[in-house]
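Heads up, the thing below is written out as structure tokens.
The values are calculated or read from the model by the stated rules, or taken from the named source; none is laboratory data. None of the values given here were measured: they were computed from a predicted structure. As a convention, Cβ positions derive from the backbone with ideal geometry for all residues, glycine included, and neighbour counts pool all protein chains shown.
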Amino acid sequence: MKRGPLKVFYSYAHEDESMRDRIEEHLELLKRQQLIIGWYDRHIIPGTAWNKVIGEQLLEADIVLLLISRAFLDSDYVRRVEIPEAMKAFESGQVRVIPILLEETPGWEKEPFAQLQILPSEARPILEWEDPVHALRDVARGIRRVARDVIIAGGGPFEFGPHEFSEAELSMLDKVERARTAAGLQRLRQALHEQIPPRRYEANLLLATWSLRKFGDRNRLPDPGAEALFYLAQIISSYDLVALQEVDQDLDRFHKLLEILGPDWDSLLTDVAPGAWGNRERFAIVYYKPRVEFRNFSSQVILPPERTGPGEYTPATQLARPPLIAAFRSGTLEFQVITTHIIFGGGNDARSMQRRVEEIEKLGEYLQTRSRYAQNPLFLMGDFQVERPDSPLLQALRDSGVHIPDHLLLPSNLDQTKYYSQIGFVDPDRQPSYSFGEERAGAVDFFRYVYRSEDLDTYLTSAIFKEYNRQPYFKGKAGTKKEQERRYWFWKTYLMSDHLPLWVELELHAWSPL
């Protein structure tokens, strides 16, 4: 699923190499965001035909930077090859050419590139600025604007929607599975395109939370197969960051999912939650690196001791499944994500409900304490066991200082009758650089497009379902239609989930150019 950054070709004279290096330094942010990658002749491998390599790189470039100086215009190779080839590619619409005036250079106005907008601003040479750093910043901003135009015009160096898997990527499946999976992916991708906003360069961020179902537990799914992993990967690839709950202690299936997502994706994982209430669960956060940068901080939420008297403290009762917290950046937006799974408590009786309320109150108190010294917004995402909008659990969340906009209250179970998953925030900034856009949230009902009810007969004869059908905990006669449908439902929910992924689009307000 790798999508390469824009290729930037430096055309320059060797006498200006130090200036070329300084320009590249000022493009570091674009490189770190994987929006561009630079190439110049020092990358040529010894023993290769340098003129052939330069020609190939010019043809492959998205942006060509002409570093104009006296030495540049005195170079025979530059005037005879690089300038004509760059202008030819520009005129055919294959490349953007940006002239950059390094120094006062007599005669540049007569060159073919003089028709193009030149940098720095007002065609003032870099070395003529009182502070060349300001000139270099001006140049970097201009290049960023061009890169933005190229990205928008061409669909981006990374995907703006869910990934479209190629035949080669599906090659791990056998012929029958490959055809069935390709058809399922096509239906699913079309639905994702219709329901989820596209990624908009420097304008939005797509967050999601998804409670899986014992994901990776071999006791529940002895043969997990690969078909469902492609469906899971396609759904996840629609977003920039996804908080996952109920990842099993066995990580083999999780690692296979990451492999299918590809090298543009990375993840954070917790250890297995301890004790019987932990249910062998882990939390995970997966994120799309071209849009989201991990800020080198992650931890599990550990509640501090409770004060019982002057100088006296007792250890706090920890959350049954200690949440995962991590820091990220998208563009200039610094933020933290906390993902949690509130204890189920064994039922819906008053005692179980009180356990959940207490966990939510403790988590809310922790978030409020953290927000006093954390300057960045905290996004809280996970499964809170909320059954209805008037649930005391939801009220406890809001009372604890977690803001949950009304339009984010969406049903997230398969029947779309419960409100288990929630996305909220605690923000110390009264004028945040983002907002939850109205009607820019949803929950994807993926079983309308894959593992559909009408697909039952197809899967009943598959080897993977037959293996699942042998599980000793099944009761009832397997031959009855009702029992087949019941087992099919359980099977596909262990393959995918018994919850819908809940997502929200953040509108980003305050992006700085560089």
Report yes if some residue within segment 196-214 is assigned by TED's automatic domain parsing to the domain that holds residue 237, farther than 15 Å from residue 450 by Cβ and part of a helix (DSSP H, G or I); otherwise report no.
-> no
Hits in segment 252-269 (condition: part of a loop (DSSP other than H, G, I, E, B) and of a type in the set (D, E, K, R)) | 264
Does segment 195-205 contain any residue that is among the basic types (Lys, Arg), farther than 21 Å from residue 337 by Cβ and surrounded by fewer than 20 Cβ atoms within 10 Å (Cβ to Cβ)?
-> no
Only one of these is of a type in the set (Asp, Glu) and either within 27 Å of residue 250 (Cα to Cα) or at pLDDT 90 or above (or both): 365, 306, 281. Name it.
-> 281
So which residues in segment 281-302 are surrounded by fewer than 18 Cβ atoms within 10 Å (Cβ to Cβ), free of Cβ contacts under 8 Å to residues at least 60 places away in the same chain and under 13 Å from the mean Cα position of the chain (by Cα), if there are any at all?
-> 294
Residues of segment 412-461 classified as at pLDDT below 90, closer than 25 Å to residue 483 by Cβ and among the aliphatic types (A, V, I, L, M), total = 1
Checked against (1) surrounded by 16 or more Cβ atoms within 10 Å (Cβ to Cβ); (2) in a loop (DSSP other than H, G, I, E, B), residue 394 satisfies every condition except (2)
Conditions (1) assigned to a helix (DSSP H, G or I); (2) buried (at least 24 other Cβ atoms within 10 Å of the Cβ): number failed by residue 228 = (2)
Hits in segment 85-123 (condition: surrounded by 14 or more Cβ atoms within 10 Å (Cβ to Cβ) and among the acidic types (Asp, Glu)) = 85, 103, 111
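Take the conditions part of a loop (DSSP other than H, G, I, E, B), more than 21 Å from the chain's Cα centre (by Cα) and in contact (Cβ under 8 Å) with a residue 12 or more places away in the chain and apply them to residue 136. Does it pass?
Here the answer is no, as residue 136 does not meet what is asked.
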Looking only at segment 272-281, decide whether some residue is touching a helix residue (DSSP H, G or I) at 6+ places or on another chain (Cβ under 7 Å), assigned to a strand (DSSP E or B) and not aliphatic (A, V, I, L, M).
-> no
Quick one: how many residues across segment 166-187 are of a type in the set (Gly, Ala, Ser) and touching a residue at least 40 places away in the same chain (Cβ under 8 Å)?
-> 1
Considering residues of segment 243-280 that are surrounded by fewer than 16 Cβ atoms within 10 Å (Cβ to Cβ) and of a type in the set (Gly, Ala, Ser) only, the residue farthest from residue 496 (Cα to Cα) = 275
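Matching residues to (1) among the hydroxyl-bearing types (Ser, Thr, Tyr); (2) under 28 Å from the mean Cα position of the chain (by Cα):
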residue	(1), (2)
357	no, no
368	no, yes
374	no, yes
388	no, no
397	no, yes
412	yes, yes
417	yes, no
Boolean, residue 343 is crowded, with 21+ Cβ neighbours inside 10 Å, within 30 Å of residue 506 (Cα to Cα) and outside the structural domain of residue 144 (by TED's automatic domain parsing) | no
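So which residues in segment 357-380 are in contact with a helix residue (DSSP H, G or I) (Cβ under 8 Å, 6 or more places away or on another chain), without any contact (Cβ under 8 Å) to a residue 40 or more places away in the chain and either closer than 19 Å to residue 436 by Cβ or surrounded by 15 or more Cβ atoms within 10 Å (Cβ to Cβ) (or both), if there are any at all?
Within segment 357-380, 357, 364 qualify.
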Screening 450, 402 for residues that are under 30 Å from residue 174 (Cα atoms), touching a Leu at 6+ places or on another chain (Cβ under 6 Å) and not aromatic (Phe, Trp, Tyr) leaves only 450
Name every residue in segment 360-391 that is in a helix (DSSP H, G or I) and in contact with a His (Cβ under 9 Å, 6 or more places away or on another chain), in order of residue number.
-> none
